[in-house]
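Student: I have a structure here, written as structure tokens, and I will follow up with some questions on it.
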Amino acid sequence: MLFRIDPTAAEPLFEQLAVQVRSAVARGDLTAGTRLPAARDLAASLAVNLHTVLRAYQELRDEGLIELHRGRGAVISTRAEQDYLPLREALDLVVRESRHLGLAPGTTTALLKEALR
């Protein structure tokens, strides 16, 4: 998996990484048992602090999406096998309605974040 970060974005770097993993799991691109890059290697390739990657991995671990094993690294957990199809269909409906109303993506995202609180 190719990770990208935007150092100029308002979203913290660790959160950008975590979002990419969450999205890949929801799309089915990352499945149970898939190994993520070693934190040190990923930090080096993105030119970020090791603790940035570790914080993203810890957040994903706390959510149950990955398992962290000393010596084996970060592995996608069996929770990734959940069927996200109903959620993806609901989100597709939200996106279509948002576009129909002419809302900016940032507005739609803000509304969604508010609804999740």
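Student: With +1 on each Lys and Arg Cβ and -1 on each Asp and Glu Cβ, and nothing else charged, work out how big the dipole of the chain is about its Cα centre, in Debye to the nearest 20. Let's see the in-between values first.
Tutor: Values: 15 positive and 15 negative charges, 53 e Å.
My answer is approximately 260 debye.
Student: Also, quick follow-up: What is the order of 76, 5, fewest Cβ neighbours within 10 Å to most?
Tutor: On the way: 76 21, 5 18.
Lowest count first: 5, 76.
Student: So, R0 is 30 Å and r is the distance between the beta-carbons of residue 45 and residue 84; what FRET efficiency does that work out to, to 0.05?
Tutor: On the way: r = 28 Å, r/R0 = 0.92.
With R0 = 30 Å, the Cβ-Cβ based efficiency is 0.65.
Student: Using just the helices of the chain, give the 222 nm mean residue ellipticity in deg cm²/dmol: DSSP H runs with n ≥ 4 each add -39,500 (n - 2.57), and the total is spread over all residues, rounded to 500.
Tutor: Working: 5 runs with 66 residues, N = 117.
For the chain, the value works out to -18000 deg cm²/dmol.
Student: Next question. Please build a GNM for the chain, connecting alpha carbons under 10 Å apart, and tell me which residue among 69, 51, 100 fluctuates the most.
Tutor: 100
Student: Mind listing the phi-derived Karplus ³J(HN,Hα) values for region 43-52, rounded to whole Hz, using 6.51, -1.76 and 1.60 with θ = phi - 60°, and x for any glycine or proline?
Tutor: So the J values, rounded to whole Hz, are 4, 5, 5, 9, 6, 10, 5, 3, 5, 5.
Read the figures in this text as sums done on the coordinates, not as results from a lab. Being a predicted model, the structure only gives us computed values, none of them experimental. Reconstructed Cβ throughout: ideal geometry from the backbone, glycine too, with neighbour counts over all protein chains shown.
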